[in-house]
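One structure is given here, and the rest of the page talks about it.
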């Protein structure tokens, strides 16, 4: 066929045969391409952006997780610190019942030890015993002993002299003004045996001019004034009720010998 084309086309159109070969090759190539077109392969998608997006999502999710973890850890630490700050809850028998229902010796604190309870009870009995021994003795201004007689504050100071680690002041007003470490302020309805009761002798309620010792059942022992003997009186008497200004407790667990 090549010889046929060379002879006829070359003779008719005066075309050199190499050119004819080139034209035939192009024709064959075009015809083959038309009959079996090449399958174009799609380029793989660019994953750089998606990868970066996924990495950003992972970073954000990891940040959220770390923040959540940090928050939960902080809240747990706060809970632990709060629970650590709270005092341990133990069994407190005095919180289970009302104080007035407890079997407490007059003037005793419900949480003192048995040894302190015994010391306070013994001290109170000795004080009351010394006071009762002075009943009927005459009042003596400035007196502070059984030999000379007593005034009000002298009688109180004498009664407590052997039971307290520190001695009481000499005058009624100084006893009334004692610090909280020396004496505890007591309400009238909370009076117990051995508490000091104070009265004014003038119009001022801040100045104590007289003192006695509470015995219980509304009674107190006192050295009243010149011309009278040491006696037991009642707080609900009109005069003493009108002149009453307060009470102090000196028989404290840490104060007795």
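Relative to its residue count, the range 108-257 spans a Cα convex hull of 105 Å³ per residue.
Sorting 252, 26, 155 from the fewest to the most surrounding beta carbons within 10 angstrom yields 26, 252, 155.
Using only Cα atoms, figure out Rg for the range 151-203 and give it as a multiple of 2.2 N^0.38 Å. Mind dumping the intermediate values first?
Values: Rg = 11.4 Å, N = 53, 2.2 N^0.38 = 9.9 Å.
Compactness ratio reported: 1.14.
Read-outs throughout are calculated quantities, based only on the coordinates presented, and are distinct from any laboratory measurement. Bear in mind that the values here come from a model prediction, so they are computed numbers and not experimental data. Here the Cβ is made from the backbone with ideal geometry for all residues, glycine too, and neighbour counts use every protein chain on show.
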